[in-house]
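Please treat every number below as a calculation from the coordinates, not as lab data. Note that the coordinates shown come from a computational prediction; the quantities given were computed from them, not determined experimentally. Here the Cβ is made from the backbone with ideal geometry for all residues, glycine too, and neighbour counts use every protein chain on show.
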Amino acid sequence: MRYFFLLFAVLVLIVIGVAGRRGDLSRHRPIQIFADMKRQLKLRPQTPNGFFASGLSSQLPPSGTIAQSKPMSVGNQEVYPFEDAPVNTGRKPGTTNFVELNPFAVSGLLLARGQQRYTIYCAPCHGQTGEGNGITKKIGAMAIVANLHDKRIVELADGEIFNTVSYGKNNMQGYAPQIGVEDRWAIIAYLRALQLSRLGSVDDLAPETRAKLK
């Protein structure tokens, strides 16, 4: 029996020695029985590596590789979905500042697409005119819905609205999984048209159009 207690005492001392000082500061690496994925066999980019003929760890894609995504044409540029570009993030590259204006040129085609997507995804809550009186509010499913004609929202940068559409805010869910990047910007262009229809005046019209009204 005494050997049992002696063995038990030794085992306790070993456990305390290995795990009993967890959380203490030390210059030595912790003992890891299961390292999991903390120490991986991986190649760091742009470092020498003798495995490849070029001697570098970073390699070009094999010939014939098909890209997983297609670039979008934004102005005179081609932008891929993974790039840190205003069209993808709504922010100025490398900053947290939102872009002021829609990166896509506003056209009749873009507005028509925006109206279609707005009717599908936005109108159920915000209403067809953007006043926040959609069907979800009328049946009591959502008590508070933002009026998109509020001064606060009118004065928001286009990039900030894009961020809200993408990731949501308060009770509103994010729509990035359902709505493509270009369609999100199309919705914003149509929203600005809705706001302008409320805030615009006769003086904003071209002279020939103004003459027709008179």
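Please report the relative contact order for region 36-118, taking Cα pairs under 8 Å with a sequence separation of at least 6, and give it as a percent rounded to a whole number.
Reported as a whole number, the value is 13 percent.
Out of [x] 44, 39, 34; [y] 53, 49, 33; [z] 109, 56, 29, which label holds the value of Cα extents along the principal axes in Å that was computed here?
[z]
Show the residues, 5+ positions off or on another chain, whose built amide H is closer than 5 Å to the amide H of Met72.
The answer is Val79, Tyr80.
So if a site counts as exposed when it's one of the GluC sites (Glu not before Pro), its DSSP state isn't H, G, I, E or B, and it has at most 13 other Cβ atoms within 10 Å, what's the longest stretch of the chain without one?
1-99
Let me check against my output: what whole-number percent is the relative contact order of region 58-214, with C-alpha pairs under 8 Å and at least 6 apart?
Numbers: 172 pairs, mean separation 34.2, N = 157.
The normalised contact order for region 58-214 reaches 22 percent.
So how tilted is helix 2-19 from the main axis of the chain? Cα-based, degrees 0 to 90, rounded to 10.
Tilt of helix 2-19: around 40 degrees.
Regarding region 85-202, what are the three Cα extents along the principal axes, ordered largest first, in Å?
Result for region 85-202: principal-axis Cα extents of 42, 36, 25 Å.
Residue by residue through region 204-209, which ³J(HN,Hα) values in whole Hz follow from phi under the Karplus form 6.51 cos²θ - 1.76 cosθ + 1.60 (θ = phi - 60°), with glycine and proline marked x?
Values, residue by residue: 6, 7, 5, x, 5, 6 Hz.
Residues with amide H under 5 Å of Arg91's amide H, sequence separation 5 or more or different chain, H placed in the peptide plane at 1.01 Å from N; which?
Val99
For region 35-46, what does the Karplus curve 6.51 cos²θ - 1.76 cosθ + 1.60, with θ = phi - 60°, yield as ³J(HN,Hα) per residue in whole Hz, taken in order and with x for Gly and Pro?
Values, residue by residue: 6, 6, 10, 6, 10, 10, 7, 9, 9, 7, x, 6 Hz.
Mind listing the phi-derived Karplus ³J(HN,Hα) values for region 158-165, rounded to whole Hz, using 6.51, -1.76 and 1.60 with θ = phi - 60°, and x for any glycine or proline?
After applying 6.51 cos²θ - 1.76 cosθ + 1.60, I find 4, x, 6, 5, 4, 5, 5, 4 Hz.
For the chain, take the longest principal axis of its alpha carbons; what is the angle in degrees between that and the long axis of helix 181-199, to the nearest 10 within 0 to 90?
Once rounded, one gets 40 degrees.
Modelling each spin label as a point 7 Å along the Cα-to-Cβ direction, I'd like the Asn133/Ile120 distance in nm, to one decimal.
About 2.7 nm, to one decimal.
Against the longest alpha carbon principal axis of the chain, how many degrees, from 0 to 90 and to the nearest 10, is the axis of helix 108-121 turned?
Computed tilt is about 60 degrees.
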